[in-house]
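Taking it in order: structure first as structure tokens, then the write-up.
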Amino acid sequence: MSRKGSCYYEILAFKPQSFLIACVCAVGAFAWQAKASEVDVSPMIVNGENASINDFDSFASLYIDSTDYDGRYSSGAYCAGTFLTSEYVMTAAHCLEGDMGALLFTSAVAMLESERDFLNADRRRVVEVYIHPDFINDINLLLPNDIAILKLETPASSGSNVTRATTQTYRNISETFVAVGHGNTQSGIDGTAILQKANLFWVSNADCAANFNNGKELTDKQVCFSGSQSQSTGLKAGTCQGDSGGPIYWSHNGTYEQVGITSFGPATCGDPGSAVTAAYTEVADYSSWIDSVLAGSQTPFITSDEQDRLDYLANNGRVVLTGGSTTNSSSGGGGGSVGWYLSLFLLVVAYKRRTVTS
């Protein structure tokens, strides 16, 4: 599972109107990398255009955020989601499952159009994580039941609740869909900090499954989409690394209704040889489970409070992420999907997410 390559920053000087910063870039991968003929999770927007957050005000950006402890936060969103209510965010299970650093140190951000505005944004720490009990994170499967819900420490003060599609009548080639995200614009290339959008069209599950080998199959609770091919880039519109958990909306009677949660796609984002540019968890199939979480009828997969985070840092010294990589003071290669920004009081030591301990 690969995620977005990015930069980490060390503040060298501070002026009232500007920062002087040094940037070191690293492109990394998750614990396993998909073969070209298989799948790559955490997709992002390819062949997109700038989107106004006011048009997609249910969109949520997920950050690794330890600013209250060591002044660090990820330089870009590592996944996305949507606000079910001001206190609950829906995302993909694979964004968090098995990654204690993400489980304990994620903040959800409302109304974030530019990733550069993170520090001044409406961000809320996650305190409860609900992962669907039938989710299976296995590279031999196509991420069935890839859905999770995050409860926030306090309700967001901005944005709006997502409208969920309740039927599946949208499974029609003539319907219009819009994918939204802060992810890469090509595989391994994070081309902009501005929220992106791209129009997509529905692809049947039979045509979608034909892209994946080793006998892998989709369930009827997954839905697939593709996009038009660009003459300039040669790529198809779609999602790419970093947009996992984010929405695909159905433009229905003047309203954006969420039909899917970004789950996985071809190993090459926007692969022109693939009939599909991303597969999604179909939201309508999980209405009962979603409502039961909102009603308080489900037990969280994990809860997180101040003492949990302090104990974690006391035991680990720093945020440790899946695959055994860590954040530390080394600036060597190896890298992680998300770099770190440093707050003003950390003027000397540069950290980055997922640098392999030297």
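Test G270 against the stated conditions and say whether it is at pLDDT below 95 and outside any loop (DSSP other than H, G, I, E, B).
On the way: at pLDDT below 95: yes; outside any loop (DSSP other than H, G, I, E, B): no.
Criteria not met by G270.
Test of understanding: among L200, L195, which residue is surrounded by 22 or more Cβ atoms within 10 Å (Cβ to Cβ), more than 16 Å from the chain's Cα centre (by Cα) and within 25 Å of N54 (Cα to Cα)?
On the way: L195 fails: more than 16 Å from the chain's Cα centre (by Cα).
None of the others qualify; the one that does is L200.
Name every residue in the stretch 169-194 that is in a loop (DSSP other than H, G, I, E, B), at pLDDT below 90, within 23 Å of G81 (Cα to Cα) and out of contact with any helix residue (DSSP H, G or I) (no Cβ under 7 Å at 6 or more places or on another chain), in order of residue number.
Once the filter is applied, which keeps residues that are in a loop (DSSP other than H, G, I, E, B), at pLDDT below 90, within 23 Å of G81 (Cα to Cα) and out of contact with any helix residue (DSSP H, G or I) (no Cβ under 7 Å at 6 or more places or on another chain), the stretch 169-194 yields G183, N184, T185, S187, G188, D190, G191, T192.
If M100 passes every condition in (1) open to solvent by less than 10 Å² (accessible area, probe 1.4 Å); (2) in contact with a strand residue (DSSP E or B) (Cβ under 8 Å, 6 or more places away or on another chain); (3) more than 18 Å from S158 (Cβ to Cβ) but one, which one does it miss?
(1)
Please give the number of the condition V129 fails out of (1) surrounded by fewer than 24 Cβ atoms within 10 Å (Cβ to Cβ); (2) modelled with pLDDT under 95; (3) among the aliphatic types (A, V, I, L, M); (4) assigned to a strand (DSSP E or B).
Unmet condition: (2).
Filter the stretch 311-325 down to the residues that are over 18 Å from C95 (Cα atoms) and in contact (Cβ under 8 Å) with a residue 24 or more places away in the chain, then identify the one that is surrounded by the fewest Cβ atoms within 10 Å (Cβ to Cβ).
So the residue we want is L313.
I want to confirm something. Restricting to the stretch 203-227 and keeping residues that are over 14 Å from A278 (Cβ atoms), modelled with pLDDT of 90 or more and not charged (D, E, K, R), which single residue is least open to solvent (accessible area, probe 1.4 Å)? Please lay out each step first, then the result.
Applying the first criterion (over 14 Å from A278 (Cβ atoms)) to the stretch 203-227 yields 204, 206, 210, 213-217, 219-221.
Next, from what is left, pick out any that are modelled with pLDDT of 90 or more: 204, 219-221.
Of the ones still in play, those that are also not charged (D, E, K, R) are 204, 219.
Working: S204: 33, T219: 52 Å².
The selected residue is S204.
For Y280, state whether it is at pLDDT 95 or above and either of a type outside the set (V, I, T) or touching a Ser or Thr at 6+ places or on another chain (Cβ under 6 Å) (or both). Don't jump to the end; show me each part of the working.
Details: at pLDDT 95 or above: no; either of a type outside the set (V, I, T) or touching a Ser or Thr at 6+ places or on another chain (Cβ under 6 Å) (or both): yes.
When the stated conditions are applied, Y280 does not pass them.
Taking the stretch 51-97 only, how many residues are closer than 15 Å to I149 by Cα, small (G, A, S) and within 16 Å of the chain's Cα centre (by Cα)?
7
Please verify whether G246 is touching a helix residue (DSSP H, G or I) at 6+ places or on another chain (Cβ under 9 Å) and either open to solvent by less than 40 Å² (accessible area, probe 1.4 Å) or at pLDDT 95 or above (or both), treating the condition exactly as stated.
Numbers: touching a helix residue (DSSP H, G or I) at 6+ places or on another chain (Cβ under 9 Å): no; either open to solvent by less than 40 Å² (accessible area, probe 1.4 Å) or at pLDDT 95 or above (or both): yes.
No: the conditions fail for G246.
Can you tell me which residues in the stretch 122-131 are touching a residue at least 60 places away in the same chain (Cβ under 8 Å) and more than 11 Å from H94 (Cβ to Cβ)? Break it down into steps so the answer makes sense when it comes.
Taking the stretch 122-131 first, the residues touching a residue at least 60 places away in the same chain (Cβ under 8 Å) are 123, 125-131.
Across the stretch 122-131, the qualifying residues are R123, R125, V126, V127, E128, V129, Y130.
Results for (1) under 17 Å from the mean Cα position of the chain (by Cα); (2) open to solvent by less than 10 Å² (accessible area, probe 1.4 Å); (3) in contact (Cβ under 8 Å) with a residue 60 or more places away in the chain, shown as yes or no for each residue.
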position: F105; (1), (2), (3): yes, yes, yes
position: V109; (1), (2), (3): yes, yes, no
position: L112; (1), (2), (3): yes, yes, yes
position: I136; (1), (2), (3): no, no, no
position: D146; (1), (2), (3): yes, yes, yes
position: L152; (1), (2), (3): yes, yes, yes
position: S160; (1), (2), (3): no, no, yes
position: T167; (1), (2), (3): no, no, yes
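Just checking, how many residues over the stretch 199-253 are outside any strand (DSSP E or B) and among the β-branched types (V, I, T)? Reasoning before the result, please.
Initial filter on the stretch 199-253 (outside any strand (DSSP E or B)): 204-221, 227-228, 230-235, 237, 239-246, 253.
Subsequent filtering for residues that are among the β-branched types (V, I, T) retains 219, 233, 239.
Going through the stretch 199-253 one residue at a time, the tally reaches 3.
The values are calculated or read from the model by the stated rules, or taken from the named source; none is laboratory data. Being a predicted model, the structure only gives us computed values, none of them experimental. Note: ideal-geometry Cβ built from the backbone for every residue, glycine included; neighbour counts use all protein chains shown. Keep in mind that these areas ignore ligands, DNA and RNA; they rest on the heavy atoms of the full protein, side chains included. Shrake-Rupley method; radii C 1.70, N 1.55, O 1.52, S 1.80 Å.
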